[in-house]
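Read the structure below first, then the notes.
Derivation of every value follows stated rules applied to the coordinates shown; laboratory data play no part. Source: prediction; values computed, not measured. A quick note on method: Cβ atoms are made from the backbone with ideal geometry, for glycine too, and the neighbour counts reach across all protein chains shown.
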Amino acid sequence: MAEEKAKQTQASDMPDWSAYRGVMIVVEQRAGVAKNVSWQLLGEGRKLADKLETDLIAMVLGQDIYHLAEEAIAFGADRVYYCDAPELRDYRTRPYSRVCLQTIEEVKPEIVLFGATATGRDLAGAIATHLPTGLTADCTILDVEPDPSRLLLASRPAFSEKMLATILCKQYRPQMATARSGVFEARVPDPQRQGKIIAVPSQMAEDEIAAQVLRFIEATETFNLEEAEIIVAGGRGLGGPEPFKLLQELADALGGVVGASRAAVDAGWIGHEHQVGQTGCTVRPKLYFAVGISGAVQHTVGMQSSDLIVAINRDANAPIFKFANYGIVGDLFQIIPAITDSVRQKRAAVRLGQQETAQETAATVEGRN
């Protein structure tokens with residue numbers, strides 16, 4: 001009884017936001033290809049919208065991007081607002097934020113979500129400043145309260161990443177947040193889904209935009225940790241930078257990439273671009289090797305959604321074993337080379353079998369001729 005009364009009192013202290021309805025996801029794209037985090041957010045947004053019994057809305061900006069509006073419907077959106085214009089071909093803060101601001105003010109979604117990418121953070125900050133409203137950055141958990149509050153519960157690491165803080169925006173609408181890639185799971189797209197696709201006009205002509213994109217230079221990095229299907233990660237237990245060569249050999253044999261814990265990165269053993277965890281990347285690979293990693297929360301929150309986790313550690317009581325599907329207690333300097341050799345042998349056998357099959361097929365065809 002007391003709890004119910006407290007909820008009613010809390011609701012009465014809030015402004016009337018009944019004009020704001022819907023969960024909006026701003027889809028990020030480059031050269032007509034959507035970032036994975038956008039489809040992941042549509043998957044999570046679908047859950048939030050269903051809880052609130054409202055529409056899931058997508059916003060797509062760019063040039064020649066109508067196909068992304070159709071994809072957004074397939075990934076769960078009920079409505080898609082899209083702006084297709086030459087001046088939106090490359091991301092620039094002013095023209096993108098103008099279109100988003102105009103659309104948000106007209107549509108009045110109660111929640112707006114962005115990917116926590118360089119573009120998403122920049123765009124979300126500009127929009128939140130002009131509305132104005134609050135913005136929670138780098139969320140790892142999203143949930144909502146039902147009527148009457150309909151509050152977005154946006155949780156993110158806090159207090160030197162030792163705790164999760166849940167942040168509420170009670171006095172402003174829409175409620176806005178950015179969320180990390182790899183945290184949420186995208187729905188399986190359904191090409192048969194039906195929804196509304198609504199065109200919106202661009203708000204700025206090219207000659208009104210101060211910044212110009214002269215050339216776009218792709219990064220020279222040869223791996224993408226967030227989208228990797230196989231990751232071999234090392235931590236403090238490696239004892240130095242040299243053992244990462246062993247991890248690289250295993251990753252190469254498996255067709256994966258090398259990751260690292262914060263401790264290994266802070267020690268200078270490997271670059272920050274390899275870091276997995278709250279201050280690094282959140283990943284969701286099919287296979288994750290945790291080698292010499294104790295399993296502190298700062299790291300596990302960034303990889304615990306992996307499909308299959310293999311932990312290798314000398315300490316049988318290491319917390320990482322609580323998250324692992326398979327655990328090996330022992331010396332990584334013996335275990336990793338043994339696994340690498342086994343992988344190489346199996347792959348060599350597969351290639352040999354493929355060659356023999358190809359030769360047999362060729363011989364059969366030749367015999368028939």
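General remarks:
- A Gaussian network model of the chain, with springs between Cα atoms under 10 Å, assigns the largest mean-square fluctuation among ASP331, ASP55, ASP138 to ASP331.
- Remark: for residue pairs LYS108/LYS286; LYS35/LYS245; LYS322/LYS346; LYS286/LYS346, the C-alpha separation exceeds 27 Å in LYS108/LYS286; LYS35/LYS245; LYS322/LYS346.
- Which of VAL200, VAL27 has the fewest Cβ neighbours within 10 Å, and the rest in rising order: VAL200, VAL27
- Share of pairwise Cα separations in the range 225-352, more than 25 Å, in percent: 15 percent
- Fraction of antiparallel bridges per DSSP, the chain only, in percent to nearest 5: 20 percent
- Geometric extent, Cα atoms of the range 18-208 - Rg, Dmax (angstrom): 15.5, 48
- As a proxy for reagent exposure, HIS299, HIS67 were ordered by neighbouring Cβ count within 10 angstrom, fewest first; the result is HIS67, HIS299.
- Here the range 9-122 yields Rg over Rh of 0.99, to two decimals, using C-alpha coordinates and the Kirkwood radius.
- Under 13 Å from LYS170, Cα to Cα: aspartates and glutamates that are on another chain or at least 8 residues apart: ASP13, ASP16, GLU110, GLU145
- Fluctuation leader among GLN175, GLN212, GLN275 - the chain, Gaussian network, Cα springs under 10 angstrom: GLN212
- Exposed chymotrypsin sites (Phe, Trp or Tyr not before Pro) absent - longest run of the chain, DSSP non-H/G/I/E/B, at most 12 other C-beta within 10 Å: 1-158
- Shape of the range 142-271, Cα gyration tensor, a/c cut at 1.5: prolate
- Highest mobility in the GNM of the chain, judged by mean-square fluctuation with C-alpha springs under 10 Å and restricted to ASN313, ASN36, ASN224, is found for ASN224.
- Nonlocal amide H pairs with GLN175, under 5 Å, H built at 1.01 Å: ILE111, VAL112
- The region of the chain that goes longest without hitting one of the GluC sites (Glu not before Pro) in a DSSP loop, each with at most 11 other Cβ atoms within 10 Å, is 54-217.
- At 1.567 mPa s and 4 °C, Stokes diffusion of the chain via Kirkwood alpha-carbon radius, µm² per second: 56 µm²/s
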